[in-house]
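Novice: I have a structure here, written as structure tokens, and I will follow up with some questions on it.
The values are calculated or read from the model by the stated rules, or taken from the named source; none is laboratory data. Since this is a predicted model, take the numbers as computed values, not measurements. When the accessible area is computed, the model is the full protein with side chains, heavy atoms only, and any ligands, DNA or RNA have been set aside. Shrake-Rupley method; radii C 1.70, N 1.55, O 1.52, S 1.80 Å.
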Amino acid sequence: MNTTAYTCPCCGAPLAYSSANGKLECSSCGNSYEPEVLETMNPADKRDGIQFDLPQETFGAEDHSAMQAYLC
């Protein structure tokens with residue numbers, strides 16, 4: 001019998017299976033994931049954080065006054 005331990009792609013905390021909804025839940029950040037979705041993620045494709053498919057934008061000095069930063 002094989003067992004697999006998953007960690008949260010968002011914060012890195014361990015995920016626990018919830019029989020109530022059939023998902024893997026993170027007690028640290030509150031996210032939940034379908035087990036099948038986590039299976040499709042390839043750890044070799046991960047870099048130093050979350051990767052987004054949208055293009056990166058450059059912001060000018062005039063944009064800084066309207067920006068807000070959030071730290072978790």
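Novice: Per-residue accessible area for Ser27 at 1.4 Å probe radius, Å² rounded to 10?
Specialist: 120
Novice: Residue by residue through the stretch 26-36, what is 3J(HN,Hα) from phi via Karplus (6.51 cos²θ - 1.76 cosθ + 1.60, θ = phi - 60°)? Round to whole Hz and write x for glycine and proline.
Specialist: Using θ = phi - 60°, the values come out as 9, 7, 7, 9, x, 6, 9, 9, 6, x, 5 Hz.
Novice: Multiply the residue separation of Gln68 and Asn21 by 0.36 nm, subtract the distance between their alpha-carbon atoms, and state the gained length in nm to one decimal.
Specialist: 13.5 nm
Novice: Starting from 0.36 nm per residue, how many nanometres of slack lie between Cys10 and Glu34 once their C-alpha separation is accounted for?
Specialist: 7.2 nm
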